[in-house]
Amino acid sequence: MSTKERTFIAVKPDGVMRGLVGTIIARFEQRGFKLVALKLVHAEPAFLEKHYADLKGKPFFPGLIKYMSSGPIAAMVWEGLDAVKTGRAMLGATNPLASAPGTIRGDFALVVGRNICHGSDAVESAEKEIKLWFPEGVVQYTHALTEWVNEV
Ligand code: UDP
Ligand code: MG
């Protein structure tokens with residue numbers, strides 16, 4: 001568990017279209033995470049197939065690629081203590097019907113095929129996803145809140 005751990009978080013096209021980008025960013029900021037990369041991308045199906053390579057062959061895969069390429073995605077990288085696991089906890093369960101209220105999916109979504117956000121599921125997949133979405137790298141800086149959020 002490192003304060004430098006990074007996770008890839010994305011607001012999916014339905015989240016962007018519904019105007020939830022700011023709300024989702026605010027939750028990560030308020031929790032104490034540091035934003036180190038951010039961009040809006042209308043991704044091509046071939047690119048999304050790389051992002052979701054592990055799911056190729058699943059019955060929902062074609063629909064997932066169509067959904068994810070249907071509009072812009074707000075792609076970001078957040079850094080902080082236990083960012084991957086905590087990020088997943090903040091998103092909620094994959095199926096929003098099983099997501100606890102207070103989580104992003106539990107507050108803003110109903111169905112698995114429109115679950116508004118993505119978060120890396122492990123440190124290794126976070127590293128892969130960050131390289132894929134941000135080949136240019138992330139931004140290094142010292143956040144003003146670092147010493148108040150962490151026990152440093
Ligand atoms: N998905 C779907 N139907 C399913 C399972 C997953 O449409 O039965 C979609 C859903 O949008 C999910 C994404 O595929 O977020 C990736 O699935 P994964 O199992 O990796 O869930 P996640 O990591 O996003 O919680
Ligand atoms: Mg996943």
Open item on the list: Students often forget the sequence filter, so: which lysines lie under 16 Å Cα-Cα from Lys34 once same-chain residues fewer than 8 apart are removed?
Closed with: Lys4, Lys85
Open item on the list: Please report the spacing between the Cα centers of the range 61-116 and the range 119-152 in Å, no decimals.
Closed with: 18
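Of the chain, which part is the longest with no trypsin sites (Lys or Arg not before Pro) in a loop (DSSP not H, G, I, E, B) and with at most 16 other C-beta atoms within 10 angstrom?
By the stated rule (loop sites, at most 16 other Cβ atoms within 10 Å), 57-152.
At 222 nm, what helix-only mean residue ellipticity would the chain give, in deg cm²/dmol to the nearest 500, using -39500 (n - 2.57) for each DSSP H run of four or more?
Details: 8 runs with 60 residues, N = 152.
It comes out at -10000 deg cm²/dmol, rounded to the nearest 500.
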- [ ] Place a label point 7 angstrom from the Cα of Lys56 along the Cα-to-Cβ direction, then list the residues of the range 111-152 whose backbone nitrogen is under 12 Å away.
- [x] none
- [ ] Run the quick spin-label model on Ala122 and Phe47: label points 7 Å from Cα toward the beta carbon, then report their separation in nm to one decimal.
- [x] 2.6
Task: Per DSSP, loop GluC sites (Glu not before Pro) in the range 47-152 with at most 15 further Cβ within 10 Å - done: Glu136, Glu151
- [ ] Could you name the lysines whose alpha carbon sits less than 26 Å from that of Lys66, not counting residues in the same chain fewer than 8 places away?
- [x] Lys12, Lys39, Lys50, Lys56, Lys58, Lys128, Lys131
Open item on the list: List the residues, sorted by chain then number, that are 5 or more residues from Ile73 or on another chain and whose placed amide H is less than 5 Å from its amide H.
Closed with: Val41, His42, Ala43
TODO: Quote to one decimal, in nm, the extra length available between Lys131 and Leu110 on full extension: 0.36 nm per residue of separation minus the C-alpha distance between them.
DONE: 4.5 nm
- [ ] Take the alpha carbon gyration tensor of the range 24-117, find the square roots of its eigenvalues, order them as a ≥ b ≥ c, and report rounded if a/c is under 1.5; if not, report prolate when a/b exceeds b/c, else oblate.
- [x] oblate
- [ ] Arrange Val36, Val138 by Cβ neighbour counts within 10 Å, fewest through most, would you?
- [x] Val138, Val36
TODO: Please list the non-local residues whose amide H lies under 5 Å from the amide H of Ala93, H modeled 1.01 Å from N, same-chain partners needing a gap of 5 or more.
DONE: Ser99, Ala100
Open item on the list: Quick check on the chain: of the DSSP beta bridges with both residues there, what percent are antiparallel, nearest 5%?
Closed with: 95
Open item on the list: Taking the beta-carbon count within 10 Å as an exposure proxy, list Phe61, Phe134 from fewest neighbours to most.
Closed with: Phe61, Phe134
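Values in this text are rule-based calculations from the coordinates and carry no lab data. This structure is a prediction, so every number in the text was calculated from the model and none was measured. Note: ideal-geometry Cβ built from the backbone for every residue, glycine included; neighbour counts use all protein chains shown.
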